[in-house]
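Below: the structure, in structure tokens.
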Amino acid sequence: NFTLPAANNYTLTGAYPPSGAVLYKQLPPPKGVGREEGFAITLIDNKLYLKAVHFTSNAVNQADYNGYNEVAPTAVRINDALLAAHLITQADYNARDVSQADEYLYDEVDKGYEVTLTANFTKNWRLWAAWSVNEPAQSNTEPADIAFWKAAKAYYAQFPQTLTTLYGQTLAQEISNADQEIGIATSVDGIGEIGFRKYKWNFFTRYTFASGFLRNAYVGGGYIFQSQMLLNQVNVGHPNQYLQFGGKTGNGSAMVGYDFKLMKKYAVNIQVNAFNVFNQIAPIIIRRDIHATDPNGAKRVQFPDPRNFRLTTTIAF
């Protein structure tokens, strides 16, 4: 629902005083065109079902919420500090107020493939598997915000850069943080999309015992794999620019269970699930600080949950 039209959400127009133009406007409606083609077949007396799809999409006026260091929130904090220090008048403040601009715009194209396989090898043995490749690319990222910020920085340059805002940052720090945010947001324009993984595959299988001592017991297991995540691009515009990626992820799971009748009347199920079977707990870098002294340093890290188990019991009556 990020890209649904919202009556109370606004974005910058790119204008800045003394142009006299409106500084923000209501979000324009998102528009897009998508196409999907594929096929589905059944094999071996309907024991195998295969589906493959190729898709493309092209969308404009996609929107995302402004974070703390985005252009509009930064401008609001600086304006507040300038007004509190009596360096601008209330009229100046009102003319530059963009507190209602809470989102920025971008465009996006996408293409990829998805393949799924469902196999019923026997009455008691079932396998499900899926593989996908997804190549989204974001472009035209926040052009109005960038135009606004260029003019705003020229205006703020006349004031003491050591002035502290109400949040403990100097003007110079606030400006630098916003510049970094723009750099990160636009670093992969036309190349990819930050936070996406190109390849994903997973499978799960389950087998139920139909006779013998283990009759009505079942076992199962599977694995989920996701390729490296695009994080950003470093040294944009320089000969030695390069893309940065986060680590690959994988997670195995297993289950064992038993169905039986309680007092020959109530259906009971007891099941134990194991998550992260291989206890893969290495930290996963999901953001790097491209403007730090060490651009390969981690800015945000995700810590996977260690191996864990869950016991559930269900009684139907």
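So if I check each of Val22, Val109, Val53, which one is among the hydrophobic types (A, V, I, L, M, F, W, C), farther than 30 Å from Leu163 by Cα and open to solvent by 60 Å² or more (accessible area, probe 1.4 Å)?
Matching residue, one of Val22, Val109, Val53: Val109.
Does Ser132 satisfy the condition of being touching a residue at least 24 places away in the same chain (Cβ under 8 Å) and not in a strand (DSSP E or B)?
No; evaluated as a whole, the condition is false for this residue.
Scan (1) open to solvent by 20 Å² or more (accessible area, probe 1.4 Å); (2) over 17 Å from the mean Cα position of the chain (by Cα) for the single condition Gly257 breaks and write down its number.
Evaluating Gly257 over (1) open to solvent by 20 Å² or more (accessible area, probe 1.4 Å); (2) over 17 Å from the mean Cα position of the chain (by Cα) leaves (1) as the failure.
Residues Ala81, Ala59: which one is open to solvent by less than 50 Å² (accessible area, probe 1.4 Å) and under 21 Å from the mean Cα position of the chain (by Cα)?
On inspection, the qualifying residue turns out to be Ala59.
From the list Ile182, Ile146, pick out the single residue that is assigned to a helix (DSSP H, G or I), at pLDDT below 95 and in contact with a helix residue (DSSP H, G or I) (Cβ under 9 Å, 6 or more places away or on another chain).
Being assigned to a helix (DSSP H, G or I), at pLDDT below 95 and in contact with a helix residue (DSSP H, G or I) (Cβ under 9 Å, 6 or more places away or on another chain) holds for just one of Ile182, Ile146, which is Ile182.
Please verify whether the range 203-220 includes one or more residues that are closer than 24 Å to Asn58 by Cα and at pLDDT below 95.
no
Could you count how many residues in the range 295-317 are open to solvent by less than 90 Å² (accessible area, probe 1.4 Å) and assigned to a strand (DSSP E or B)?
Of the residues in that region, 8 qualify.
If you go through the range 193-217 one residue at a time, how many are on the phi < 0 side of the Ramachandran plot, in a loop (DSSP other than H, G, I, E, B) and of a type outside the set (D, E, K, R)?
7
Of all residues in the range 153-175, count the ones that are touching a residue at least 40 places away in the same chain (Cβ under 8 Å) and within 24 Å of Asn232 (Cβ to Cβ).
3
Mind checking which pairs have a first residue in the range 9-36 that is within 10 Å of Ala144 (Cα to Cα) and a second that is assigned to a loop (DSSP other than H, G, I, E, B) and open to solvent by 60 Å² or more (accessible area, probe 1.4 Å), Cβ under 6 Å, 6 or more apart or different chains?
As it stands, the answer is Thr13/Val22; Tyr24/Gln100, since those pairs meet every condition given.
Only one of (1) at pLDDT below 95; (2) surrounded by fewer than 16 Cβ atoms within 10 Å (Cβ to Cβ) fails for Pro160. Which number is that?
Looking at each condition in turn, Pro160 falls short on (1).
All but one of (1) open to solvent by 60 Å² or more (accessible area, probe 1.4 Å); (2) under 29 Å from Gly38 (Cβ atoms) hold for Asn94; which doesn't?
It fails just one condition, (2).
Is at least one residue of the range 181-189 within 28 Å of Gly67 (Cβ to Cβ), touching a strand residue (DSSP E or B) at 6+ places or on another chain (Cβ under 6 Å) and open to solvent by 50 Å² or more (accessible area, probe 1.4 Å)?
Within the range 181-189 (the criterion being within 28 Å of Gly67 (Cβ to Cβ), touching a strand residue (DSSP E or B) at 6+ places or on another chain (Cβ under 6 Å) and open to solvent by 50 Å² or more (accessible area, probe 1.4 Å)), the answer is yes, since at least one residue qualifies.
The values are calculated or read from the model by the stated rules, or taken from the named source; none is laboratory data. Quick caveat: nothing in here was measured; it's all calculated off a predicted structure. Using ideal geometry, Cβ is built from the backbone for each residue, glycine included, and neighbour counts are taken over all protein chains shown. Just the protein is used for accessible areas: all its heavy atoms, side chains included, with ligands, DNA and RNA removed. Shrake-Rupley method; radii C 1.70, N 1.55, O 1.52, S 1.80 Å.
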